[in-house]
Amino acid sequence: MADNTTRRRRGGGRAGAAARRGAEVIEQMPWNPPVNIDRPTEPLGPEGVEAIHEGAMRILEEIGIEFYNEEAKAILREAGCIVNGDNVRMGRDFVMEMVGKAPSKFTITPRNPDRTIEIGGKTMVFGNVSSPPNYWDMEIGKKVPGNREMCRNLLKLTQYFNCIHFAGGYPVEPVDIHASVRHLDVLYDKLTLTDKVMHAYCLGKERVEDVMEMVRIAGGLSHEEFEATPRMYSNINSTSPLKHDHPMIDGCLRLARRGQAVVVTPFTLAGAMAPVTMAGAVAQSLAEGLCAIALFQYVRPGIPCAIGTFTSNVDMKSGAPAFGTPEYMRSTQMTGQMARYYGLPMRSSGVCAANVPDGQAMWETSNSLWAAVQSGTNMVYHAAGWLEGGLIASPEKFIMDCEILQQIQRYMDPQINATGPDEIALDAIRSVGNDGHFFGIQHTQDRYTTAFYQPFLSDWKNYEGWEVAGGIWTAERAHYMFKEIIGSFEAPPMDDAVREELADFVARRKAEGGAPTDF
């Protein structure tokens with residue numbers, strides 16, 4: 001497509017940084033992606049790291065990965081890999097050379113440059129729930145198929161909360177929009193209701209190409225500017241065990257050739273799609289991820305790539321997926337060690353198996369999120385709103401999860417564990433002595449508004465106070481908050497000409513038929 005010669009004002013910018021979230025329903029923490037100041041939890045000794053690496057390499061060398069993408073097989077054959085039908089075997093020297101070309105950290109710049117995020121290093125960024133086909137909220141009271149209004153409302157929460165740093169996949173699938181044009185309507189909504197980093201599904205060339213063009217238009221960018229630095233990303237899953245399908249690899253090749261970021265996340269459920277042992281499941285997951293990253297680095301050396309983990313276990317009584325389990329936590333920590341071994345940024349998830357936003361939902365999600373912290377994860381997918389193993393999105397759960405995310409952000413504030421003279425506070429301790437309290441002294445008065453984390457959802461009243469206030473349980477409080485946020489939401493600014501060009505692009509692509517729905 002020929003580049004537009006007319007330059008437009010870019011959306012967002014400093015004006016957009018004020019967030020325009022409408023009237024403030026809550027007092028939330030500012031936009032400040034946390035830097036993980038803790039040492040990572042490393043359950044593997046050096047011999048364990050080498051054993052898992054050796055396992056992953058032997059899978060690639062001796063067993064191979066099925067690639068169903070003809071272009072990928074041709075590229076890998078050219079690179080010297082052994083291709084036999086769909087099976088591709090690659091030597092460890094090739095894999096390590098290619099993976100070594102990937103940057104250890106990179107940035108993604110959305111239409112609002114003040115919402116730029118770093119992937120890698122010690123930075124953590126959190127994204128919204130992505131891809132559930134179903135929806136649940138307290139007003140409906142049951143599981144129902146997603147629609148565009150539900151999707152738009154969850155996108156508004158994505159924009160509203162400062163602790164959500166990127167807009168992942170569709171927060172719920174709007175099944176009331178035909179699949180051939182769904183990506184056009186949802187990306188239009190995402191780009192106009194949010195100014196955060198965008199995602200494309202690799203489900204056919206038309207979808208990927210359409211999303212790249214819409215992100216370019218929304219940023220007011222030339223083609224050269226779009227391709228000069230990552231402006232968006234995709235996340236793909238292998239088809240475990242040991243397979244990569246056609247459309248996902250095709251989409252990532254298209255993104256890589258235009259300089260956009262790629263996350264490769266095998267979906268390995270121990271006991272079903274991977275060995276029942278966590279070391280075996282992690283080794284298989286790494287093999288599935290590294291072979292795709294090697295392909296993308298061969299095609300465009302230095303392209304930003306991250307490796308993801310979605311290694312959990314199944315319930316051996318029912319076969320149902322389980323999340324937030326001890327095994328999930330350990331596999332995430334183990335994969336974190338291996339990601340550092342390979343010099344790659346890592347993605348994990350905030351997940352649970354619970355069906356409604358109850359206690360189970362929160363302890364499983366909390367386990368998942370703190371495993372992300374412990375593992376040194378850089379990019380946390382599904383950090384807010386996930387239920388039923390990814391089959392349900394819930395606004396109440398979204399808001400409850402954001403309370404945890406804010407607590408993680410506060411936990412990483414270096415002020416908490418500072419040890420300067422003001423923090424040791426000997427003068428304050430001396431002034432109180434052995435008889436008195438610290439409430440009224442100047443040291444406390446100077447700090448009381450910022451000394452401790454202040455929740456927006458948790459209720460710290462005692463039972464009697466809580467009962468007098470109506471005895472409202474947490475999920476119900478979150479539901480009321482959801483309604484207030486949606487009712488007062490204002491979209492971030494966008495230039496009228498940009499909005500019109502986006503709408504024209506959507507209308508034209510719909511008239512052309514959108515994307516095919518059979519692969």
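The values are calculated or read from the model by the stated rules, or taken from the named source; none is laboratory data. As the structure is a prediction and not an experimental result, all values here were calculated from the model. Glycine also receives a Cβ, built like all others from the backbone with ideal geometry; neighbour counts cover every protein chain displayed. We work out accessible area using only protein heavy atoms, side chains counted, and drop any ligands, DNA or RNA first. Shrake-Rupley method; radii C 1.70, N 1.55, O 1.52, S 1.80 Å.
Laid out as a table, the results:
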{"quantity": "Single residue of Ser240, Ser312, Ser285 found to be of a type in the set (Gly, Ala, Ser), within 21 Å of the chain's Cα centre (by Cα), crowded, with 22+ Cβ neighbours inside 10 Å and under 28 Å from Arg77 (Cβ atoms)", "calculated": "Ser285"}
{"quantity": "Subset of segment 37-72 (residues that are of a type outside the set (Val, Ile, Thr) and open to solvent by less than 10 Å² (accessible area, probe 1.4 Å))", "calculated": "Ala56, Met57, Leu60, Gly64, Phe67, Asn69, Ala72"}
{"quantity": "Condition check for Ser130: surrounded by fewer than 18 Cβ atoms within 10 Å (Cβ to Cβ), in contact (Cβ under 8 Å) with a residue 24 or more places away in the chain and among the polar types (S, T, N, Q)", "calculated": "no"}
{"quantity": "Residues of segment 170-186 satisfying the condition of being under 19 Å from Arg111 (Cβ atoms) and in contact (Cβ under 8 Å) with a residue 40 or more places away in the chain", "calculated": "Tyr170, Pro171, His183, Leu184, Asp185"}
{"quantity": "Flag if Val262 is crowded, with 18+ Cβ neighbours inside 10 Å, of a type in the set (Val, Ile, Thr) and assigned to a helix (DSSP H, G or I)", "calculated": "no"}
{"quantity": "Members of segment 468-519 found to be touching a His at 6+ places or on another chain (Cβ under 8 Å) and surrounded by 14 or more Cβ atoms within 10 Å (Cβ to Cβ), listed by number", "calculated": "Gly514, Ala515"}
{"quantity": "Condition check for Glu364: within 25 Å of Pro30 (Cα to Cα), surrounded by fewer than 24 Cβ atoms within 10 Å (Cβ to Cβ) and free of Cβ contacts under 8 Å to residues at least 60 places away in the same chain", "calculated": "no"}
{"quantity": "Yes/no for Met329 being open to solvent by 10 Å² or more (accessible area, probe 1.4 Å), modelled with pLDDT of 95 or more and part of a helix (DSSP H, G or I)", "calculated": "yes"}
{"quantity": "Contacts under 8 angstrom Cβ, first residue in segment 432-455 being on the phi < 0 side of the Ramachandran plot, partner of a type in the set (Ser, Thr, Tyr) and open to solvent by 60 Å² or more (accessible area, probe 1.4 Å), 6 or more apart", "calculated": "Ile441/Ser431; His443/Ser431"}
{"quantity": "Evaluation of Pro110 against (1) in a helix (DSSP H, G or I); (2) under 26 Å from the mean Cα position of the chain (by Cα) (one fails), failing number", "calculated": "(1)"}
{"quantity": "Filter result for the condition that a residue is part of a helix (DSSP H, G or I), in contact with a helix residue (DSSP H, G or I) (Cβ under 6 Å, 6 or more places away or on another chain) and under 30 Å from Ile82 (Cα atoms), over Gly289, Gly336", "calculated": "Gly336"}
{"quantity": "All strands (runs of 3 or more DSSP E) inside segment 41-98 with 2 or more residues being at pLDDT below 95 and of a type in the set (Phe, Trp, Tyr)", "calculated": "none"}
{"quantity": "Residue within segment 415-435 that is under 24 Å from Pro33 (Cα atoms) and among the hydrophobic types (A, V, I, L, M, F, W, C) present", "calculated": "yes"}
{"quantity": "Subset of segment 133-160 (residues that are touching a strand residue (DSSP E or B) at 6+ places or on another chain (Cβ under 7 Å), in contact (Cβ under 8 Å) with a residue 24 or more places away in the chain and either open to solvent by less than 10 Å² (accessible area, probe 1.4 Å) or not in a helix (DSSP H, G or I) (or both))", "calculated": "Pro133, Asn134, Tyr135, Trp136, Lys143, Pro145, Gly146, Leu154, Thr158"}
{"quantity": "Per-region count, segment 161-183, residues crowded, with 24+ Cβ neighbours inside 10 Å and part of a helix (DSSP H, G or I)", "calculated": "1"}
{"quantity": "Unmet requirement for Asn84, which otherwise passes all of (1) open to solvent by 70 Å² or more (accessible area, probe 1.4 Å); (2) over 24 Å from Cys252 (Cβ atoms)", "calculated": "(2)"}
{"quantity": "In segment 335-355, residue nearest to the chain's Cα centre (by Cα) [restricted to those that are farther than 17 Å from Gly121 by Cα and crowded, with 24+ Cβ neighbours inside 10 Å]", "calculated": "Ser349"}
{"quantity": "Yes/no for Pro395 being open to solvent by 20 Å² or more (accessible area, probe 1.4 Å) and either within 22 Å of Gln454 (Cβ to Cβ) or in contact (Cβ under 8 Å) with a residue 40 or more places away in the chain (or both)", "calculated": "no"}
{"quantity": "Residue within segment 249-256 that is in contact with a Phe, Trp or Tyr (Cβ under 8 Å, 6 or more places away or on another chain), charged (D, E, K, R) and either in a strand (DSSP E or B) or surrounded by fewer than 21 Cβ atoms within 10 Å (Cβ to Cβ) (or both) present", "calculated": "no"}
{"quantity": "Condition broken by Val276, with the remaining ones in (1) crowded, with 19+ Cβ neighbours inside 10 Å; (2) of a type in the set (A, V, I, L, M, F, W, C); (3) assigned to a loop (DSSP other than H, G, I, E, B) satisfied", "calculated": "(1)"}
{"quantity": "Residue ID - farthest from Met29 (Cα to Cα), chosen from residues in segment 402-453 that are charged (D, E, K, R) and surrounded by 10 or more Cβ atoms within 10 Å (Cβ to Cβ)", "calculated": "Asp427"}
{"quantity": "Looking only at segment 89-127, and only at residues there that are in contact with a strand residue (DSSP E or B) (Cβ under 7 Å, 6 or more places away or on another chain) and small (Gly, Ala, Ser), the one that is most open to solvent (accessible area, probe 1.4 Å)", "calculated": "Ser104"}
